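Shown next, in structure tokens, is the structure this report addresses.
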Amino acid sequence: PRELVAVGDGDQVFGLDIIETPGHTPGHISVLDSVGGIFVAGDAINGANGGVIGPNERFTPDMDLANQSVAKIASFEFETILFGHGEPVLSGGTAGVASLVG
């Protein structure tokens with residue numbers, strides 16, 4: 001048993017980087033395995049047709065903040081993205097997210 005503790009931007013849990021990615025919901029986080037090159041996006045971004053699409057406007061109360069989170073995600077290096085919704089992207093993850101930033 002372990003004590004539950006809140007995590008925030010820049011924290012590490014078991015060697016995984018915690019990245020705050022609000023917009024979809026307040027307090028939303030994503031997780032980066034920088035060694036394995038895997039980004040767990042949750043609902044910050046979504047997958048469709050083998051690629052990356054942005055936050056779903058229908059389920060995102062703060063699109064401005066969500067788009068800021070997309071830009072933040074694009075600043076990290078990873079190949080694989082796992083989404084809350086959509087098939088995983090297995091290569092070119094950072095480039096796929098960067099293509100959303102305008």
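Considering Cα pairs under 8 angstrom that are at least six residues apart, work out the relative contact order of the chain and quote it in whole percent.
Averaging sequence separation for qualifying contacts and normalising by length gives 24 percent for the chain.
How far, in nm, would the chain grow between LEU90 and ARG2 when pulled straight, counting 0.36 nm per residue and subtracting the alpha carbon separation?
28.4 nm
Report ³J(HN,Hα) in whole Hz for each residue of segment 74-83, in order, from the Karplus equation J = 6.51 cos²θ - 1.76 cosθ + 1.60 where θ = phi - 60°; Gly and Pro get x.
Coupling constants for segment 74-83: 5, 7, 9, 9, 6, 9, 9, 10, 10, 10 Hz.
Calculate, for the chain, the solvent-accessible area per residue in square angstrom, rolling a 1.4 angstrom probe over the heavy atoms of the protein chains.
Per residue, the chain has an accessible area of 60 Å².
Give me the net charge for the shell around ALA44: Cβ to Cβ below 11 angstrom, other residues only, Lys and Arg +1, Asp and Glu -1.
Computed value for this residue: -1.
Quick one: with all protein chains in place, what share of the accessible area of the chain is carbon or sulfur, to the nearest percent (1.4 Å probe)?
C and S fraction of accessible area: 55 percent.
Defining a contact as two alpha carbons under 8 Å apart and six or more residues distant in sequence, what relative contact order in percent does segment 6-48 show?
The normalised contact order for segment 6-48 reaches 27 percent.
Where is the GNM fluctuation largest for the chain (alpha-carbon springs, 10 angstrom cutoff): ASP17, ASP33, ASP64?
ASP64
The values are calculated or read from the model by the stated rules, or taken from the named source; none is laboratory data. Everything numeric here is computed off the predicted structure, so don't read it as measured data. Here Cβ is always computed from backbone atoms with ideal geometry, including for glycine, and neighbour counts include all displayed protein chains. Heavy atoms of the whole protein, side chains included, go into the accessibility calculation; ligands, DNA and RNA do not. Shrake-Rupley method; radii C 1.70, N 1.55, O 1.52, S 1.80 Å.
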